[in-house]
Every structure is written in C-alpha cells, then in structure tokens.
C-alpha cells in the first residue's frame, strides 16, 4: 500500500487511508483495477493482524486463500487522491469467510467489493473448517457493512 496511515478499528470496521501513487495509474489516467485488488488484499491482512488472527492461523497450521473477488467501480480515482479504505468481515461458514470493502474519496464512495476467503490446511492444501478458536476471535467483529459499528 502506498504509505498507509495507521489503520484503526472503528466498531467492527477496519479502515486506513492512502494517497494514490503514480504507479497505480493506468493508460486511461485513473487507478488500474489491479490496484484495487491489491489494496483489498492488503487491508484484509492489516485487519486480520489487528484482530490477532495470524497467531491463531500459525498455531493451526492454516492459511487463508482468496476464492473469489468482486469489485464495482463507481467513480474514477486519480493520482494523489486521498482514499479511505474500509473493510469488515460479514460472515463465517464452514471453511469460508466473506469480507466487504468500501473505497471513499472524501465523502464520495468510489468503489466497493467483496472477497470470499477459504481457510486451507497448509500441509494438505485442502479447505479446513474454521475452528472454534478462530470463530471466537472473529464472530464479535462480524458486520453487515461499513456503516455498522
């Protein structure tokens, strides 16, 4: 992420701010779609770290992998725009977790997205049901959207 400001939890939503770097701009003069995907991945990791998740996944011999992404672009974003990135975990079920994202420039929402994550056993590479220890960590932070706190 381009020099993120320190992230913070606001209720059940994790957020941080960035200034759009020149390398995120495509031939059309606005942020490339790949940059959004990268930012989604990075803020998800920051949020999970803030919850203490990496310690549990390491103890369990597991890791999270992305199964699918969806991004909807609502407005163009330009170099040096200041963006607020928000993320939240919306559900846990079986081996899967769903996470939402919102991107804002000032008071305007410029994009939104979601990712389906799957918990995978590192040794076998197979999906693994989310253990109770991880559910206990994440469930208090489940949210239906960025306005929920």
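The values are calculated or read from the model by the stated rules, or taken from the named source; none is laboratory data. Predicted, not measured: the structure shown is a model, and the values here were computed from it. Neighbour counts are summed over all protein chains in view; Cβ atoms, including those assigned to glycine, are modelled from backbone coordinates with ideal geometry.
Values computed for the structure shown
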quantity: Those residues of segment 76-128 which are over 23 Å from residue 50 (Cβ atoms), surrounded by fewer than 13 Cβ atoms within 10 Å (Cβ to Cβ) and without any contact (Cβ under 8 Å) to a residue 40 or more places away in the chain, in sequence order; calculated: 94, 106, 107, 108, 124, 125, 126
quantity: Any hit, segment 60-69, residues being farther than 24 Å from residue 143 by Cβ and modelled with pLDDT under 95; calculated: no
quantity: Members of segment 52-75 found to be surrounded by 14 or more Cβ atoms within 10 Å (Cβ to Cβ), in contact with a strand residue (DSSP E or B) (Cβ under 8 Å, 6 or more places away or on another chain) and touching a residue at least 60 places away in the same chain (Cβ under 8 Å), listed by number; calculated: 57, 62
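Here is a yes/no grid of residues against (1) touching a helix residue (DSSP H, G or I) at 6+ places or on another chain (Cβ under 8 Å); (2) farther than 29 Å from residue 134 by Cβ; (3) crowded, with 18+ Cβ neighbours inside 10 Å; (4) without any contact (Cβ under 8 Å) to a residue 12 or more places away in the chain:
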{"residue": "16", "(1), (2), (3), (4)": "yes, no, yes, no"}
{"residue": "27", "(1), (2), (3), (4)": "no, yes, no, yes"}
{"residue": "30", "(1), (2), (3), (4)": "no, yes, yes, no"}
{"residue": "48", "(1), (2), (3), (4)": "yes, no, yes, no"}
